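Worksheet for the structure shown next.
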Amino acid sequence: MRSDRQARILEHVAAQGSADVAQLSLLLGVSQATVRRDLRQLSDQRLLERTHGGAVLGGLSIEVPLRHRVGQRSPQKQAIARAAAHLVPAGAVVGLTGGSTTTEVARLLADRGPVTIVTNAVNIAAALVLRPTVTLIVVGGTARSESYELVGPIAEKTLADHHTDIAFLGVDGISAVHGCTTHDQLEAATDRAFAGHSSRTVVVADHTKIGRATFAKICPTAGVHTLVTDAGAPGGELDAIAAVGVQVTVA
């Protein structure tokens, strides 16, 4: 499907920095003409920058909008979510930021229930609101269309009045040197509030986020208790993250 293809293109370009039409054609199993049409549409949305024969990042890095990511329930993200859900004790109060992997965690916790979930992600809230085993608290704030999250001072104030047993953060990058980062300053501050008012902070991030740094810092790496990622993550970076005291789980 076109949406799946374009999501894979964006994730590939975000991870590699660039891609050419022939490479994407092989990766996706479609014609080069189809790839060119997809690149043209993504360029029109200012999600990447066309080049002769391919595409590059439109700036220092790009934020893949959640609408392109949430439908891609990749085996890696599902494995990460399963490992993350195992960390949650029965009856826990769980914080969830937005993101495609945290959305998978939310699905699993709702299926297992009972659980109390505190989230600023409107897509997660919409998916859980009718679940009888879920006690749902939605954090208010200013809506970000890219991530479906509610962020800003209102969100931070609400989180300051609550405490979670475990908070799952979706990040755009995590490295031993630069810590946890995301693309937006308000989102970073709200994520920091989730971490600051929880007994345990768990980052769920697939291999494309490991060793990567984006614009706004959420917290130092040492502020994370556990990182759950997949087997594609670079071993050297995982060792460096573990060396600062983070428990690393490879799903």
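The values are calculated or read from the model by the stated rules, or taken from the named source; none is laboratory data. The model shown is predicted, which means the values in this text are computed figures rather than measured ones. Backbone-built Cβ (ideal geometry, glycine too); neighbour counts: all protein chains shown. Accessible surface areas use protein heavy atoms only, side chains included; no ligands, DNA or RNA. Shrake-Rupley method; radii C 1.70, N 1.55, O 1.52, S 1.80 Å.
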(message) Looking only at the stretch 192-210, filter to residues that are surrounded by fewer than 24 Cβ atoms within 10 Å (Cβ to Cβ), in a loop (DSSP other than H, G, I, E, B) and not polar (S, T, N, Q); which one of those is modelled with the lowest pLDDT?
(response) 206
(request) Evaluate the stretch 32-47: report whether one residue or more is at pLDDT 85 or above, under 26 Å from residue 181 (Cα atoms) and touching a Ser or Thr at 6+ places or on another chain (Cβ under 9 Å). (result) no
(request) State all residues of the stretch 1-27 that are open to solvent by less than 60 Å² (accessible area, probe 1.4 Å) and at pLDDT 90 or above; if no residue qualifies, say none. (result) 21, 22, 24, 25
(message) Quick check on the stretch 166-178. Is at least one of its residues among the hydroxyl-bearing types (Ser, Thr, Tyr), at pLDDT 95 or above and either under 19 Å from residue 95 (Cα atoms) or within 13 Å of the chain's Cα centre (by Cα) (or both)?
(response) no
(message) So, residue 231, is that one within 19 Å of residue 77 (Cα to Cα), open to solvent by 10 Å² or more (accessible area, probe 1.4 Å) and touching a residue at least 12 places away in the same chain (Cβ under 8 Å) or not?
(response) yes
(request) Report yes if residue 172 is crowded, with 20+ Cβ neighbours inside 10 Å, acidic (Asp, Glu) and either touching a strand residue (DSSP E or B) at 6+ places or on another chain (Cβ under 8 Å) or more than 17 Å from residue 203 (Cα to Cα) (or both), otherwise no. (result) yes
(message) For the stretch 192-210, which positions are within 23 Å of residue 82 (Cβ to Cβ) and more than 14 Å from the chain's Cα centre (by Cα)?
(response) 194, 195, 198, 199, 200, 201
(request) Output the number of residues of the stretch 175-188 satisfying the condition of being open to solvent by less than 20 Å² (accessible area, probe 1.4 Å), in contact with a helix residue (DSSP H, G or I) (Cβ under 8 Å, 6 or more places away or on another chain) and either more than 25 Å from residue 243 (Cβ to Cβ) or not hydroxyl-bearing (Ser, Thr, Tyr) (or both). (result) 2
(request) Could you grab me the full set of residues in the stretch 5-32 that are over 17 Å from the mean Cα position of the chain (by Cα) and among the charged types (D, E, K, R)? (result) 5, 20
(message) Against the conditions (1) within 14 Å of the chain's Cα centre (by Cα); (2) part of a strand (DSSP E or B); (3) closer than 19 Å to residue 78 by Cα; (4) not basic (Lys, Arg), where does residue 218 fall short? Just the number, please.
(response) (3)
(request) Among the candidates 213, 189, single out the residue that is under 18 Å from the mean Cα position of the chain (by Cα) and either aromatic (Phe, Trp, Tyr) or part of a helix (DSSP H, G or I) (or both). (result) 189
(message) I need every pair where a residue in the stretch 89-110 that is more than 15 Å from residue 199 (Cα to Cα) has its Cβ under 6 Å from the Cβ of a residue that is aromatic (Phe, Trp, Tyr) and open to solvent by 10 Å² or more (accessible area, probe 1.4 Å), sequence separation at least 6 or different chains.
(response) 98/148
